[in-house]
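Bear in mind these aren't lab numbers, they're just calculated from the coordinates by the rules spelled out. The model shown is predicted, which means the values in this text are computed figures rather than measured ones. All Cβ positions, glycine included, derive from the backbone under ideal geometry; neighbour counts span all protein chains shown.
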Amino acid sequence: MNEISLHIIDIIQNSLSAGASLIRVIIDENLVHNLLSVTIADNGKGMTKEQVERLDDPFFTSRTTRRVGMGIPLFRQSAEQSGGDLVVTSEPGFGTTVKANFLNDHIDRPPLGEIANSMVLMISANPDKDFVFEYIYNGSSYIFDTVEIKSVLEELPLNDPAVIRMLTEMIDENIKDLKTQSD
Amino acid sequence: MNKIKSLDDLRKMKQSLEHGMTIRENSNSPESLVQIRVAMATCGIAAGARTVMNTLIEKLEKEKIPAVVTQGGCMGYCYAEPTIEVKVPGKDPVVFGKVDSAVAEEIVVKYIKNGELIDGIIPVNYQSINEQK
């Protein structure tokens, strides 16, 4: 995985498998504190304390199709090699939050990558789920909420290619704006 | 054309889009659409599933094939990622392995559009090494 965005897709897939109906993704880029943090929070079925403790064991997985699970270990490795860390908090019945912190200027920090495209692909592939995507840049933030988007688009399907292009452009433009306004 | 930024921009674009939209009328009955599931677990993503998903969406649009592209979890074919499952209406689902962008385009044109079989199908009776007794 050479992009943080790919880790995000991976963790979102975990949230979906946990039956989440709402997934929040927050990216906080703070150049003052030299910190890039990525949070994925869901309202899925959650995990017990014991399950959370075993997440870093690659041979722990709830899946039955294969016996190893590398999602969290890889994401953690990515964060730790960039001078950061990864924290998982979870409560059965309420959901799970995964937060990864990276030192922004660390040479081993992977690029964020195609975040708008990644988010919109997840949104279009799961039109019945809701996503809130927040991008914070030096304290100012942009929020993309599929509840709002769906109420605007009405019967227009989220998985239509033209809609996918529009939404990707919308996220990209707003992130670009955040950055130019702040700099 | 101005870039889309606000919900208002989106609202305007929606109106212009609705005129051009004909193929989506049957989206309420997904059985009548081609359904593609891209395996998006750690193994699939690391092998390039996102690129394949983008290619599929673009190619299906270009070929004007009404389809839904969704994501799925691990199917157990990690050695053959990226894998996709293609369900053409009226046919049994077929799983293709080692799908890069070039193969994805081939699947859209040859298998979905022209109904030809191509290489790379993972047989339904395939057993992974863990399942073999």
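For segment A:4-182, pairs of C-alpha atoms spaced more than 26 angstrom apart make up 31 percent of the total.
For segment A:133-183, GluC sites (Glu not before Pro) meeting the loop criterion (DSSP other than H, G, I, E, B) and having at most 16 other Cβ atoms within 10 Å: A:154, A:155.
Taken along its three principal axes, the alpha carbon spread of segment B:29-122 comes to 30, 26, 24 Å, from the longest extent down to the shortest.
Shielding of peptide B:3-16 by partners, expressed as the average count of other chain Cβ atoms within 10 Å per residue Cβ, is 5. Counting only Cα atoms, the size of the protein assembly as shown along its three principal axes is 59, 56, 37 Å, in decreasing order.
Residues whose amide H comes within less than 5 Å of that of residue B:72, counting only those at least five positions distant or on another chain, are B:38, B:39, B:40 (H built at 1.01 Å from N in the peptide plane). The modelled label-to-label distance between residue B:65 and residue A:162, using points 7 Å beyond Cα along the C-beta direction, is 2.1 nm.
Note on chain A: Lys pairs 8 or more places apart or on different chains, Cα atoms under 22 Å apart, count 5. Counting Cβ atoms of other protein chains within 10 Å of each Cβ in A:72-78 and taking the mean gives 1.
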